[in-house]
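Below: the structure, in structure tokens.
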2 protein chains.
Amino acid sequence: MSQLTRRQQEIYAYLRDHADDFDHPPTHDELCRALGLASRGSLHKHVQALISAGLVEPMARGQRGIRLAASPVEPEAGIPFLGRIAAGRPIEAVPQPEYMQVPDELLGSKPCYVLQVCGDSMIEDGILDGDRVVIEQCDRADNGDIVVALVDGEAATLKRIEQTPGQVILHPANASMTAQRYLPDQVQIQGVLKGLLRKYP
Amino acid sequence: MSQLTRRQQEIYAYLRDHADDFDHPPTHDELCRALGLASRGSLHKHVQALISAGLVEPMARGQRGIRLAASPVEPEAGIPFLGRIAAGRPIEAVPQPEYMQVPDELLGSKPCYVLQVCGDSMIEDGILDGDRVVIEQCDRADNGDIVVALVDGEAATLKRIEQTPGQVILHPANASMTAQRYLPDQVQIQGVLKGLLRKYP
DNA sequence: ACACAAAGAGAACCAAGGGAGAACATAGCA
DNA sequence: TGCTATGTTCTCCCTTGGTTCTCTTTGTGT
């Protein structure tokens, strides 16, 4: 898991320990006063770091107040197995996530989850039907990364990404399929591939 | 590695014994104060010596705080990583096995070990150069299993096996290679493939 | 006495952490 | 429609911490 800086740890500890002192989730201003900060902007930077570490709930549109993430990541619990991903269908979620033990080396610095691959669209990159992939939550990627991308808000797919100013191309690794081109607005990156696990019978 | 000087041993002992006193890894300045030093530069020299002795984690880019090198995973907690296997060469053993954390699901019922694959001979089965494979120790296999086979007592290779009464065929999964045929006596099975781990950068 | 290694002080440099504050965006409200 | 509270983004700046020097002191072996 990513290393929090000292200040970030202090702020998280404060939120955790004083959650009950507030009858509503504290705003940036209130937190600033409590922590002795004079600038909302400074606090905001730290809160963003806590969000990307998965310790604080991301701000929903129009949401007020900073609240802790419902289920802080338990190191001992492992990585959540969320469901299956097939090219072009929404992620098929398992009703209640199981937690898997995954080698640390396969994890990124941000929170991660595991999906099971369904289909052969990445077979030429050695990703087979039934493999489990470790995905690091992330909303941007470098060209050439393999990503979980949500297209038009509903169809999730695992593909190699190529981003140009005008369009986003999702490349399968399967000669019988063709690359898909979209407008940047249509494609939302949900994570990048960090590791792969395969079980042989 | 070179012998530690007396002061270096003292500093290492201090780090080891007081690791729990700090909620963050101590900085050079903090350590200086704790050790009665007035200069970061002096301490830095000692810490560098400890790093090159492998007792302290090397500083990653931008990392802050001095932390002890992670103690290797205890044998009972992981699977030994024994070395690299390339088609047709003996297994290249690492001098001293590291132990890796491997998901239980990838293990068999018998003792297992991990090898790193070297080469593309199984690429069409989705086993790429650099992948790590989990091998269950075993001296026999079913036809179609992928096995670690020792040929003529020296050349180890990872291939799909086909056993007939008169001969043993080792099939690569690479169109540019051909299957190898041997007498049953020439081939000794050293384990069967149970799992695969791949790390993406 | 001399050479040498270990150890420390301190200065200088650079990158990352952290904070201040302005400016902007958006929601809720009078 | 403005006003206020709040979240967001930005730039500027200072501080902190790791690194690299040089110089000095001290202890030890020949």
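The values are calculated or read from the model by the stated rules, or taken from the named source; none is laboratory data. Everything numeric in this text was worked out from a predicted model, so none of it was measured. Don't worry about glycine lacking a Cβ; one is built from the backbone with ideal geometry, like all the others, and counts go over all protein chains shown. Protein only, heavy atoms only, side chains kept; ligands, DNA and RNA dropped before computing areas. Shrake-Rupley method; radii C 1.70, N 1.55, O 1.52, S 1.80 Å.
Key figures
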{"read-out": "Near pairs, Cβ below 7 angstrom, 6+ apart or cross-chain, from region A:4-29 (in the same structural domain as A:Met59 (by TED's automatic domain parsing) and over 14 Å from A:Lys45 (Cα atoms)) to any residue that is among the aliphatic types (A, V, I, L, M) and surrounded by 11 or more Cβ atoms within 10 Å (Cβ to Cβ)", "value": "A:Tyr14/A:Ala34; A:Tyr14/A:Leu35; A:Leu15/A:Ile66; A:Leu15/A:Leu68; A:Arg16/A:Leu68; A:Ala19/A:Leu68; A:Pro25/A:Ile66; A:Pro26/A:Ile66"}
{"read-out": "Condition met for B:Val94 (within 13 Å of chain A (Cβ to nearest Cβ) and in a strand (DSSP E or B))", "value": "no"}
{"read-out": "The listed residue being within 14 Å of chain B (Cβ to nearest Cβ), of a type in the set (Gly, Ala, Ser) and within 16 Å of DNA strand C (Cβ to nearest atom), out of A:Ala53, A:Ala38, A:Ala34, A:Ala13", "value": "A:Ala13"}
{"read-out": "In region B:29-54, the residues that are open to solvent by 40 Å² or more (accessible area, probe 1.4 Å), away from DNA strand D (no atom under 11 Å from the Cβ) and in a helix (DSSP H, G or I)", "value": "B:Ala34, B:Ser52"}
{"read-out": "Subset of region B:176-201 [outside any strand (DSSP E or B), open to solvent by 40 Å² or more (accessible area, probe 1.4 Å) and within 13 Å of another protein chain (Cβ to nearest Cβ)]", "value": "B:Pro201"}
{"read-out": "Enumeration of residues in region A:8-28 that are open to solvent by less than 70 Å² (accessible area, probe 1.4 Å) and within 12 Å of DNA strand D (Cβ to nearest atom)", "value": "A:Phe22, A:Pro25, A:Pro26, A:Thr27, A:His28"}
{"read-out": "Considering residues of region B:72-86 that are more than 10 Å from chain A (Cβ to nearest Cβ) and either over 17 Å from B:Leu150 (Cβ atoms) or at pLDDT below 85 (or both) only, the residue most open to solvent (accessible area, probe 1.4 Å)", "value": "B:Glu76"}
{"read-out": "From B:Arg7, B:Arg64, B:Arg89, residue being at pLDDT below 90, more than 29 Å from A:Leu106 (Cβ to Cβ) and of a type in the set (Lys, Arg)", "value": "B:Arg7"}
{"read-out": "Spans of strands (runs of 3 or more DSSP E) in region A:98-155 with at least 2 residues open to solvent by less than 50 Å² (accessible area, probe 1.4 Å) and more than 10 Å from every other protein chain (Cβ to nearest Cβ)", "value": "A:112-118, A:146-151"}
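To keep it simple, each residue is scored yes or no on (1) modelled with pLDDT of 95 or more; (2) under 29 Å from the mean Cα position of the chain (by Cα).
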| position | (1), (2) |
| --- | --- |
| B:Thr157 | no, yes |
| B:Gln163 | yes, no |
| B:Ala173 | no, yes |
| B:Thr178 | no, no |
| B:Pro184 | no, no |
| B:Val187 | no, yes |
| B:Gln190 | no, yes |
| B:Leu196 | yes, yes |
| B:Lys199 | no, yes |
